[in-house]
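A quick write-up on the structure given underneath.
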Amino acid sequence: MADEQKDMDLGPAAAGEISSVEGYKFQPIKGYPMLNWRGKRPFISTQFYPAQLKETYGEEVDGWRNKIFWGDNLQVMSHLLKEFRGQVDLVYIDPPFDSKADYKKQISLRGKKVSNDSASFEEKQYTDIWNNDEFLQFMYERLVLLRELMSSTASIFLHCDWRKSHHLRLILDEIFGSENFQAQICWRSMTSSGFKGKTSIGKSHADILYYSKSSDFHYNPVYVPYSEEYIAERFSKIDENGRRFKDEKIGTATPSETVEAWRAKGLIYETSTGGLRVKHYLDDAKGVIADDVWTDIYGENSQSKDLTGYPTQKPSLLLERIIKMASNDGDLVFDCFMGSGTTQAIAFKNGRRFLGADINVGSIQTTTKRLLRVHDETSAEGSHRTPGFEVYNVNNYDVFRNPVEAKALLAGALEIQEIETSSIYDGEKDGRMVKIMPVNRIATKADLSELIAGFDYKAFDRRQNSNPNQPVEKILLVCMGHEPDLKTQLELEVKPHKIDVEVVDILRDKSQLEFKRDSEARLAIKDGHLEIERFYPMNLLQKLSLQKEQVTDWREMVESIMVDWNYDGAILQPVELDVPKKSELVSGRYKVPEDAGTVRVKITDLLSESWEGSIDA
């Protein structure tokens, strides 16, 4: 795809009705409550970002193959607008909660457990620590784009908790309209015993905010099975065949056609007192229509057969209820905070098409492996052809494999000198104070708020009085994608003080950087078989050495091996998929087909980092 870039207009409705914020002037609607924060601004256009197709699995069916994207979801959605605007039928997102925590995945060697304390061998997957204003602008911009991607009959389910649900509901009111609020679902995700508060009330539920795009939206009633107590109390009668039933008196207001239908099924009987009653058998009962309090679905635990090890994974039953409730067969489902891929897997199993996105490469690898398993299971049923899926990078998003480590990696790669005494700068380089902007997304003007608030303006005054023609500070901003006027905006914010701002954009300047040691492997063709003779995942080996963990077989460090027997030089199309169960090892030796050409091998280690290499058959 050509590296085309242009702005895409989101339209005035997408921006919401914003009052005067940061120089933008909109007339507020009288009596319309709004949430404001420092740096809030309307989001009415976005840039198109190109995507690079990296891998394909399975076949197209009726011209469709499902798609997952690795990259900043703002860039991913900006890319999707060109083709999928107004086409998404259901959105489910489980975004950051501002939980002030780092989320980790425990790493264990294949075939055995690590020998020392499991907590010492955890790999950070992502962090959920935010400045409040930064978080709100982050979510606001993404919800605007989600609305643009949604069809007129679509719904969105936003998973959150007590920390931000009140803020996010106001933002959703602004973007979707309060008239399209459908429910605030209370999902009791934990038992109360796990969250009893010693100093305040315990918290045992999550909130799922449910909005539609319009008054005409997909809704299918979902039934919750009766509880044992309800069955014992209500279905207390048993007929001659041992079937449980409850009955009710036929009143005079019952429509005659209903009575005739019951009579035709033999459900009506006469009591000894002469009254007519109708039997409702438990076998035929669907249950109770699900309302906005869900207490029958439990969070994932160590015994779950779907457990992936990815932090904050949500249970399949939760997504199955949402997908069945708000979409139909063949509809398009989207989750741009994909995580372990539960939304995509359940959409797949239930005959929906899907799109998915995540910024974390661990998410992409976990979801890919999970979808391959679901694809095999679905295809084995043989009832219908199952479409495959594709994996894309957006905007060449391949610099940071784990955004949590980004600051340390950048500081080392750019030779930034750390300043321990500064609360706003990350270091110093060549006489400039360095601020590393959030690298898990595009840096925006809102991201400057912490810097602007933290400046020592009294020191600026002294420097300006002493040297009026010199800048009071020289600053280097390090970004991974940024708004084009970021430098100008920062300079304007501190006027009348003069500052000298330089921006280094990793996406643009990454060729000058070296972040991690690449993995190494050696391939060979022997006796008609492809053999992986050696595999050295350098970063994983370094972590293992710190744990004093001995590796006797390189296969203990491998999550999966995928082989494309006829690589076209651009897109990996694996045919050999060696994705063993958790306690098993990859084979490492594979029979080469007769028609093989250039063989491409992808080896993914336990850190979700991949090595790729080729050999001629």
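Report yes if some residue within segment 247-267 is part of a strand (DSSP E or B) and either free of Cβ contacts under 8 Å to residues at least 12 places away in the same chain or in contact with a helix residue (DSSP H, G or I) (Cβ under 8 Å, 6 or more places away or on another chain) (or both); otherwise report no. Full working, then the answer.
Within segment 247-267, the first condition is being part of a strand (DSSP E or B), and the residues that meet it are 247-249.
Add one more test, that the residue is either free of Cβ contacts under 8 Å to residues at least 12 places away in the same chain or in contact with a helix residue (DSSP H, G or I) (Cβ under 8 Å, 6 or more places away or on another chain) (or both), and what stays is none.
No: segment 247-267 contains no residue that is part of a strand (DSSP E or B) and either free of Cβ contacts under 8 Å to residues at least 12 places away in the same chain or in contact with a helix residue (DSSP H, G or I) (Cβ under 8 Å, 6 or more places away or on another chain) (or both).
Run residue 199 past the list (1) surrounded by 15 or more Cβ atoms within 10 Å (Cβ to Cβ); (2) closer than 30 Å to residue 312 by Cβ and report the number of the one that doesn't hold.
Failed condition: (1).
With respect to residue 324, is the statement that it is open to solvent by 30 Å² or more (accessible area, probe 1.4 Å), modelled with pLDDT of 90 or more and over 30 Å from residue 213 (Cβ atoms) true?
On the way: open to solvent by 30 Å² or more (accessible area, probe 1.4 Å): yes; modelled with pLDDT of 90 or more: yes; over 30 Å from residue 213 (Cβ atoms): no.
In short, no.
Kindly establish whether residue 22 is open to solvent by 30 Å² or more (accessible area, probe 1.4 Å) and at pLDDT 90 or above.
Working: open to solvent by 30 Å² or more (accessible area, probe 1.4 Å): yes; at pLDDT 90 or above: no.
The answer is no for residue 22.
Test residue 498 against the stated conditions and say whether it is basic (Lys, Arg), open to solvent by 30 Å² or more (accessible area, probe 1.4 Å), modelled with pLDDT of 90 or more and touching a Pro at 6+ places or on another chain (Cβ under 8 Å). Explain how you work it out, then say what you get.
Numbers: basic (Lys, Arg): yes; open to solvent by 30 Å² or more (accessible area, probe 1.4 Å): yes; modelled with pLDDT of 90 or more: yes; touching a Pro at 6+ places or on another chain (Cβ under 8 Å): yes.
Answer is yes for this residue.
When residues of segment 366-377 are filtered for being modelled with pLDDT under 90 and crowded, with 20+ Cβ neighbours inside 10 Å, how many remain?
Going through segment 366-377 one residue at a time, the tally reaches 1.
Take residue 277 and decide whether it is within 48 Å of the chain's Cα centre (by Cα) and either at pLDDT 90 or above or basic (Lys, Arg) (or both). Give the steps one after another, and end with the answer.
Numbers: within 48 Å of the chain's Cα centre (by Cα): no; either at pLDDT 90 or above or basic (Lys, Arg) (or both): yes.
Criteria not met by residue 277.
Go through 389, 354, 337 for me and flag whichever is of a type outside the set (Ser, Thr, Tyr), modelled with pLDDT of 85 or more and open to solvent by 10 Å² or more (accessible area, probe 1.4 Å).
Numbers: 389 fails: open to solvent by 10 Å² or more (accessible area, probe 1.4 Å); 354 fails: open to solvent by 10 Å² or more (accessible area, probe 1.4 Å).
Checking each option against the conditions leaves just 337.
Report every pair of residues separated by at least 6 positions or lying on different chains whose Cβ atoms are under 6 Å apart, first residue within segment 279-301 and more than 23 Å from residue 250 (Cβ to Cβ), second of a type in the set (D, E, K, R) and surrounded by 15 or more Cβ atoms within 10 Å (Cβ to Cβ).
295/188
Only one of 32, 49 is assigned to a loop (DSSP other than H, G, I, E, B), touching a strand residue (DSSP E or B) at 6+ places or on another chain (Cβ under 9 Å) and at pLDDT below 95; which?
Details: 32 fails: touching a strand residue (DSSP E or B) at 6+ places or on another chain (Cβ under 9 Å).
Only one candidate qualifies: 49.
From the set of residues in segment 245-274 that are open to solvent by 60 Å² or more (accessible area, probe 1.4 Å) and aliphatic (A, V, I, L, M), which is modelled with the highest pLDDT?
Step by step, filter segment 245-274, then rank; the result is 264.
From the list 439, 472, 434, which residue is within 27 Å of residue 140 (Cβ to Cβ) and open to solvent by less than 40 Å² (accessible area, probe 1.4 Å)? Spell out the reasoning first.
On the way: 472 fails: within 27 Å of residue 140 (Cβ to Cβ); 434 fails: within 27 Å of residue 140 (Cβ to Cβ).
Residue meeting the stated conditions: 439.
Cβ-Cβ below 6 Å, separation at least six or inter-chain, first residue in segment 409-422 and outside any helix (DSSP H, G or I) and at pLDDT 75 or above, second open to solvent by less than 40 Å² (accessible area, probe 1.4 Å) and hydroxyl-bearing (Ser, Thr, Tyr): which pairs?
So the pair list comes out as 419/425.
The values are calculated or read from the model by the stated rules, or taken from the named source; none is laboratory data. Just so you know, these numbers come straight off a predicted model, no measurement behind them. Neighbour counts run over all protein chains shown; Cβ positions are idealised from the backbone, glycine included. Quick note on the areas: whole protein, heavy atoms, side chains included, nothing else; ligands and nucleic acids left out. Shrake-Rupley method; radii C 1.70, N 1.55, O 1.52, S 1.80 Å.
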